[in-house]
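Participant: This is the structure I want to talk about, given as structure tokens.
No value in this document is a laboratory result; all are computed from the given coordinates. Remember, it's a predicted structure, so these values are computed and weren't measured experimentally. All Cβ positions, even for glycine, are placed from backbone atoms using ideal geometry, and neighbour counts span all protein chains on display.
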Amino acid sequence: MIVLDEQLLGRQIEIEVGKWYRGKVCFITDLRPGTVIKDEAVSGLLRQTRGSTFVTINERDFWRRIPADPRYCAVCMALSDPQAWMVPELLRKVFRDPQLRTNALRSGKVLRVSRTGFSFYTHKDARVQAVRW
């Protein structure tokens with residue numbers, strides 16, 4: 001399951017991702033409807049939805065702040081608000097990488113994705129590793 005952060009609402013990103021992703025695509029607000037979800041509550045919600053991949057452009061508040069956990073993956077896109085249209089394309093690139101191709105390979109990692117590559121840390125190793133496209 002791909003869980004999109006709330007700041008991606010209304011941009012048709014879920015539709016674009018759904019064109020190539022076979023699983024469920026939803027928003028973080030769908031996991032706890034009718035409530036305000038603070039950034040610090042996101043990791044707890046993701047742990048309850050085992051195997052999810054959380055996607056955000058709120059890199060500043062999540063990269064190196066959200067804990068890596070074997071029950072989920074977090075993808076922090078280094079994009080400005082007007083660049084959010086690039087999320088589906090970059091996410092697809094991430095999912096095509098041999099190290100991240102399956103949910104099992106992605107789980108336990110927190111990624112920072114840019115147009116030139118990605119960096120990540122894992123629940124086993126907090127050191128950041130960088131990969132160029």
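Participant: Tell me what the chain gives for mean residue ellipticity at 222 nm when only DSSP H runs of n ≥ 4 count, each as -39,500 (n - 2.57), the sum divided by the residue total, rounded to 500 deg cm²/dmol.
Facilitator: -6000 deg cm²/dmol
Participant: Name the long-range amide H neighbours of residue 75: under 5 Å, sequence gap of 5 or more, or other chain; modelled H, no Pro or chain starts.
Facilitator: Under 5 Å from the amide H of residue 75 lie the amide H atoms of 54, 55, 56, 111, each far enough along the sequence or on another chain.
Participant: Report the calculated FRET efficiency for residue 85 and residue 64 (r = Cβ-Cβ distance, R0 = 25 Å), to the nearest 0.05. All intermediate terms of the calculation are to be shown ahead of the outcome.
Facilitator: Details: r = 25 Å, r/R0 = 1.02.
After rounding to 0.05, the efficiency reads 0.45.
Participant: Based on Cβ point charges of +1 for Lys and Arg and -1 for Asp and Glu, what charge dipole magnitude is obtained for the chain about its Cα centre, in debye rounded to the nearest 20?
Facilitator: 560 debye
Participant: Which of the trypsin sites (Lys or Arg not before Pro) across segment 1-33 are loop residues per DSSP, with 13 or fewer other Cβ within 10 Å?
Facilitator: Numbers: sites: 11, 19, 22, 24; in loops: 11, 19, 22, 24.
Here the trypsin sites (Lys or Arg not before Pro) that fit, given the DSSP loop and packing criteria, are 19, 22, 24.
Participant: Another question, then. Kindly state, as a whole number, the per residue volume in cubic angstrom of the convex hull around the alpha carbon atoms of segment 9-114.
Facilitator: Value for segment 9-114: 101 Å³ per residue.
Participant: Of 10, 29, 100, which is farthest along the charge dipole of segment 2-132 in the positive direction, counting Lys and Arg as +1 and Asp and Glu as -1 at C-beta?
Facilitator: Most positive-ward Cα: 100.
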